[in-house]
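Structure first, then comments.
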Amino acid sequence: MTPAQRHLVVMAKAPRMGRVKTRLAADIGTLAAWNFYRRTLARVVRPLARDPRWTLWLAVNPDATVTDDQLWPVRSRRITQGDGDLGRRMARVMAVMPTGPVVIIGADIPGIRPCHIWQAFKAMGRHDAVFGPAADGGYWLVGQRRTPRMADIFQNVRWSSADALADTRANLPTGWRAHTLGILTDVDDGPTYAAMGRQDT
């Protein structure tokens with residue numbers, strides 16, 4: 001399999017003040033939340049875009065920002081997320097990618113490194129799906145091999161809850177094998193942000 005047949009998709013909101021990390025902003029302020037998101041987006045995406053083992057795509061929101069080269073930290077391939085909840089948007093992204101396995105991640109998980117992405121793609125050599133669980137019950141990564149078939153595993157998921165991962169896993173077709181990666185932290189509130197800062201010092 002060539003890198004062009006491995007697709008890494010980053011679900012990314014345009015880094016505009018007041019439009020990103022609103023839950024975090026309620027705890028630490030709009031400016032600090034915007035700075036965190038903007039820096040994290042760049043730190044996560046730039047090394048992933050340089051890695052030759054896959055093709056990087058940005059799935060962007062709002063859709064109108066898809067052609068704005070100045071807004072995004074790398075000039076990778078970009079597609080729109082479309083409308084609907086997170087599940088509908090991820091299902092759409094999973095369905096429109098070219099042939100090959102697809103890994104989807106968020107843009108605001110500071111701990112994501114290329115080694116994690118490669119672990120996910122390697123796991124799909126023997127598994128139909130892969131998950132990267134977050135400490136809050138959600139997940140920072142989801143992938144599907146998509147052969148011999150693809151499934152919409154994002155329906156009826158309680159997003160932004162401690163049940164998001166369990167709900168998604170419950171949607172896997174009978175007989176599918178799933179691999180689980182290590183836990184990473186999604187920074188969504190003040191206490192988590194403070195703890196992350198202490199780890200960085």
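Taking the condition of being among the hydroxyl-bearing types (Ser, Thr, Tyr) and either closer than 22 Å to residue 51 by Cα or touching a residue at least 60 places away in the same chain (Cβ under 8 Å) (or both), how many residues in the range 67-98 meet it? Count: 1.
Would you list the helices (runs of 4 or more DSSP H) that sit entirely within the range 1-96 and hold 3 or more residues that are under 20 Å from residue 143 (Cα atoms)?
In the range 1-96, the matching helices (runs of 4 or more DSSP H) lie at 30-50, 86-96.
Taking first residues from the range 44-57 that are touching a residue at least 12 places away in the same chain (Cβ under 8 Å) and partners that are of a type in the set (S, T, N, Q), the Cβ contacts under 9 Å between residues at least 6 apart in sequence or on separate chains come to 45/76; 48/76; 49/76; 54/5; 55/5; 55/76; 56/76; 57/76.
If you go through the range 117-131 and keep only what is over 12 Å from the mean Cα position of the chain (by Cα), farther than 23 Å from residue 174 by Cα and not polar (S, T, N, Q), you end up with just 118. When the range 1-26 is filtered for residues that are hydrophobic (A, V, I, L, M, F, W, C) and either more than 22 Å from residue 145 (Cβ to Cβ) or surrounded by fewer than 22 Cβ atoms within 10 Å (Cβ to Cβ) (or both), the ones remaining, listed by number, are 1, 4, 11, 12, 14, 17, 20, 24, 25, 26. Within the option set 125, 29, being over 23 Å from residue 1 (Cα atoms) and surrounded by fewer than 21 Cβ atoms within 10 Å (Cβ to Cβ) holds for one residue only, 29.
Restricting 110, 101, 52, 133 to those that are more than 28 Å from residue 167 (Cβ to Cβ) and not charged (D, E, K, R) reduces the list to 52. Looking only at residues of the range 32-59 that are of a type in the set (Lys, Arg) and under 27 Å from residue 144 (Cβ atoms), we find that the one that is surrounded by the most Cβ atoms within 10 Å (Cβ to Cβ) is 53. A single member of 164, 194 is among the small types (Gly, Ala, Ser) and modelled with pLDDT of 95 or more, and it is 164. Looking across the range 53-105, the residues that are out of contact with any strand residue (DSSP E or B) (no Cβ under 6 Å at 6 or more places or on another chain), polar (S, T, N, Q) and closer than 19 Å to residue 152 by Cβ come down to 80, 99. Scanning the range 81-91 for residues that are of a type outside the set (A, V, I, L, M) and crowded, with 19+ Cβ neighbours inside 10 Å yields 81, 87, 89.
Return a yes/no flag: does the range 128-139 have any residue that is loosely packed, with under 14 Cβ neighbours inside 10 Å and either touching a residue at least 24 places away in the same chain (Cβ under 8 Å) or over 21 Å from residue 6 (Cβ atoms) (or both). Yes, the range 128-139 contains a residue that is loosely packed, with under 14 Cβ neighbours inside 10 Å and either touching a residue at least 24 places away in the same chain (Cβ under 8 Å) or over 21 Å from residue 6 (Cβ atoms) (or both).
Tell me, please, whether a residue that is exposed (fewer than 13 other Cβ atoms within 10 Å of the Cβ) and either closer than 28 Å to residue 37 by Cβ or among the charged types (D, E, K, R) (or both) can be found in the range 179-189. Yes; the residues of the range 179-189 include at least one that is exposed (fewer than 13 other Cβ atoms within 10 Å of the Cβ) and either closer than 28 Å to residue 37 by Cβ or among the charged types (D, E, K, R) (or both).
The values are calculated or read from the model by the stated rules, or taken from the named source; none is laboratory data. Values in this document were obtained by computation on a predicted structure and should not be read as measured data. Ideal geometry is used to build each Cβ from the backbone, glycine not excepted, and the neighbour counts take in all protein chains shown.
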